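Working notes, structure below.
The values are calculated or read from the model by the stated rules, or taken from the named source; none is laboratory data. From a predicted model like this one, the values you see are computed outputs, not experimental measurements. In this analysis, Cβ positions are derived from the backbone assuming ideal geometry, glycine residues included, and neighbour counts consider all displayed protein chains. Accessible surface areas use protein heavy atoms only, side chains included; no ligands, DNA or RNA. Shrake-Rupley method; radii C 1.70, N 1.55, O 1.52, S 1.80 Å.
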Amino acid sequence: MSSTTVETSAAAGGGRPPKASRRVRRRGENSLAGSLASHGVLIVASLIALFPIAWLVYLSLGPDKDDYLHPGGIWGKMTFANYAFVVEHTEFFNWLKSSLVVTLGTTAIGVLIAATTGYAVSRMRFPGYKKFMWVLLVTQMFPVAVLMVPMYQILSDLQLIDNYLGLILVYCTTVIPYSAWLLKGYFDTIPFEIDEAGRVDGLTPFGTFFRLILPLAKPGLAVAAFYNFLTAFSEVAFASTFMLSDDKYTLAVGLQSFVSEHDAQRNLMAATAVLIAIPAAVFFYLVQKNLVTGLTAGGTKG
Amino acid sequence: MTVAIDRATGKRRGDREPGPGRAGRLRRGYQKHWYAYAMIAPVAVVLGVLVLYPLVYGLYLTLTDANSLNTARTIGVNHIDATYKFIGLDNYADILWGPTAYDRFWSHFLWTIVWTAACVALHYGIGLGLALLLNQKLRGRTFYRLILVLPWAVPTFVTVFGWRFMLADGGVINSALDFLHVPSPLWLEDTFWQRFAAIMVNTWCGVPFMMISLLGGLQAIDASLYEAAEMDGASAWQRFRFVTLPGLRSVSSTVVLLGVIWTFNQFAVIFLLFGNTAPDAQILVTWAYYLGFGQQPRDFAQSAAYGILLLAILIVFTSFYRRWLNRNEQQLAI
């Protein structure tokens, strides 16, 4: 699955950087100061990128709820007690379950539906094509407030408030147009000769799509899936409005509810935040190479 | 990506003989397009049911005085029917030039524009700078890249909590400022510093996406162009100005547009950073949310009207942006 992506990126990497590197190295050798300055800027930027997260991890180890105000004291009394408390005495696992149900549901539905569309807009120019692309773009612009009020009304009519399915449907609206864009970008990179070969062998466009293109597009589908997953996982506005009972909160809402419910126990909040952030970040790093390829596949070609 | 579309069409035309006349081509086209329509049907249905219908419904709500006290609701076993009534364009009139229009709409509007412009400029500027640095042959650049992507890797709702700890009065930032004998601002209470903090946090969250996208764009620029430029005696600045920037055009125009749309609608950062405590730092999106869901009674009609206005602003902006790109003979890459 990932081999194709690795190949393409490796191919791209093998094709260009040697030339580029020869050029830049020549330039780089001229100024040691320049390369020192580059390192300096990058180190400062890395520290800025790292610090808030590192700080959160550090605070999560302090046993007292006001430790964040005098962090020096944490060093001597670091403990994992906060984590133990969060895991044992809060709704953490319920929130995790809700998050997983909602995100996985959104991911599956979103990718399935977006795939055929991505293919159609990649390969076929049909009347209304431009308008359709414009609609997909405009759907990207919907501020939460436009849809939230009517959706709240509609979902409550359908009794889908406080219901996983309701939230999944809502997320599909934001996730599907962008997935279709991403997948179009990926389908564009698959040679058109394959479609032609399929047609010569007597396959309908559907047959070509399902038998030939879809298997080849697995990395692209993975990218869209990751994107959907990450979007649904971090969404706050809809989740905090449409999920009412606290055992159905997603992690994003659960973390928010912590301040009031646990009497501003910042140490527990920090621990929960880290418990959420670490798997999310690990997951992200596993997929980020693919994610980047997918994001730039369309953009860099023009 | 437009190029790719044209290529796709070219291929498609190439593999089938073009029809003899316009009518023939249309007829053939129809048979062919049947597949295309069938393939986009699922998305069209989903968008129609889940976006278009709510949008129309929302539009209707903006023409009423609906709030949480007069809409249909069920309390226990009693179902209460909706009693809101049609009031035409009054909501829009009230928002745009009603008695306190400036305090409610225009001040937030101005701040939203400043917020969007500042954030996108910072995202793009810093992202481009870092991408250029990472695109050099540099020891450890993969390592730097991995670290710099971190703000993107951690969900926003987690990092914003981290920032709240840091910005709190007595938090690490103010402690550091105290230590340096610099006056420490009330980040989460004073309007100016709230806005400053919001831009800072959003910049921190948004730079990785720009950086990675632009890095992808930089790597796609043909290295021989640089060699040719160098051969012609172009300075580093000239190479940047005449090779790098034009090479990045299509990526830039796309990420800037997406950046504007996403920043304009950025809900999580401001909502999570301040909750309801910062009325003057709310951008239009969070303000609209506050009207519809953050207060009692919930003002559904006004909230939806804000939403429609926001959407209109973005659509107008995008249309002009696209026309401007076309005039400069650039195409939107998405």
**Asked** Taking the Cβ-Cβ separation of B:ALA23 and A:PHE210 as r and a Förster radius of 41 Å, what is the calculated FRET efficiency to the nearest 0.05?
**Response** 0.80
**Item:** Accessible-area value, A:LYS77, 1.4 Å probe, nucleic acids and ligands omitted, Å²
**Value:** 90
**Request:** Work out, step by step, the length gained on full extension between B:ASN276 and B:TYR60: first 0.36 nm times the residue separation, then minus their alpha carbon distance; give nm to one decimal.
**Result:** 75.0 nm
**Request:** Using θ = phi - 60° and the Karplus relation 6.51 cos²θ - 1.76 cosθ + 1.60, list the HN-Hα couplings for the stretch B:265-274 in order, rounded to whole Hz, with x at every Gly or Pro.
**Result:** 9, 5, 9, 4, 4, 6, 4, 7, 6, 10
**Prompt:** At what distance in angstrom do the alpha carbon centres of the stretch A:146-216 and the stretch B:282-325 lie from each other?
**Reply:** 27
**Item:** Extension gain (nm, one decimal) between B:HIS79 and B:VAL49, 0.36 nm per residue minus Cα-Cα
**Value:** 8.2 nm
**Asked** Taking a probe of 1.4 angstrom, what is the accessible area of B:ARG322 in Å², to the nearest 10?
**Response** 100
**Request:** At 7 Å along the Cα-to-beta-carbon direction for both A:LYS97 and B:PHE242, put a label point, then send me their distance in nm to one decimal.
**Result:** 6.6
**Prompt:** With point charges of +1 on the Cβ of Lys and Arg and -1 on the Cβ of Asp and Glu, referenced to the Cα centre of the protein assembly as shown, which listed residue (B:HIS79, A:ILE276, B:LEU311) lies farthest in the positive direction of the dipole?
**Reply:** B:LEU311
**Asked** Which one of B:PHE300, B:TYR35, B:MET211 has its Cα pushed farthest toward the positive end of the charge dipole of the protein assembly as shown, where Lys and Arg give +1 and Asp and Glu give -1 at the Cβ?
**Response** B:TYR35
**In Å², nearest 10: area of B:ASP81 left accessible to a 1.4 Å probe** = 110
**Fill in**
Checked against the positive end of the charge dipole of the protein assembly as shown (+1 on Cβ of Lys and Arg, -1 on Cβ of Asp and Glu, about the Cα centre), the farthest of A:LEU59, B:SER175, A:SER31 is A:SER31
**Request:** Leaving ligands, DNA and RNA out of it, rank A:VAL274, B:VAL316 by accessible area with a 1.4 Å probe, largest first.
**Result:** B:VAL316, A:VAL274
**Prompt:** Using θ = phi - 60° and the Karplus curve 6.51 cos²θ - 1.76 cosθ + 1.60, what whole-Hz ³J(HN,Hα) does each residue of the stretch A:189-198 get, with Gly and Pro shown as x?
**Reply:** 7, 7, x, 6, 4, 5, 4, 4, 4, x
**Prompt:** Going by accessible area, probe 1.4 Å, with all protein chains left in place, what is the ranking of B:ILE40, B:ILE126, largest first?
**Reply:** B:ILE126, B:ILE40
**Cα-centre dipole for the protein assembly as shown with unit charges at Cβ (Lys and Arg positive, Asp and Glu negative), debye to 20** = 3220
**Message:** Using a 1.4 Å probe and counting only protein heavy atoms, how much accessible surface gets buried when A and B come together, both sides summed, in Å² to the nearest 100?
**Reply:** 10100
**Request:** Label the stretch A:46-172 by shape, choosing from rounded, prolate and oblate, from the square roots a ≥ b ≥ c of the eigenvalues of the Cα gyration tensor; if a/c is under 1.5 it is rounded, and otherwise prolate applies when a/b is larger than b/c, oblate when it is not.
**Result:** prolate
**Message:** Using a 7 Å offset from the Cα along the Cα-to-Cβ direction at both A:GLN159 and B:ALA312, what is the distance between the two label points in nm, to one decimal?
**Reply:** 3.9
**Request:** Write down Rg/Rh for chain B, rounded to two decimals, with Rg from the C-alpha atoms and Rh from the Kirkwood relation over Cα pairs.
**Result:** 1.05
**Asked** Given R₀ = 56 Å, FRET efficiency for B:ILE87-A:ILE48 by Cβ-Cβ distance, to 0.05?
**Response** 0.65
**Message:** Please report the spacing between the Cα centers of the stretch B:49-105 and the stretch A:34-104 in Å, no decimals.
**Reply:** 42
**Item:** Inter-label distance, nm, simple model (7 Å from Cα along the C-beta direction), A:ALA81/B:LEU146
**Value:** 3.5
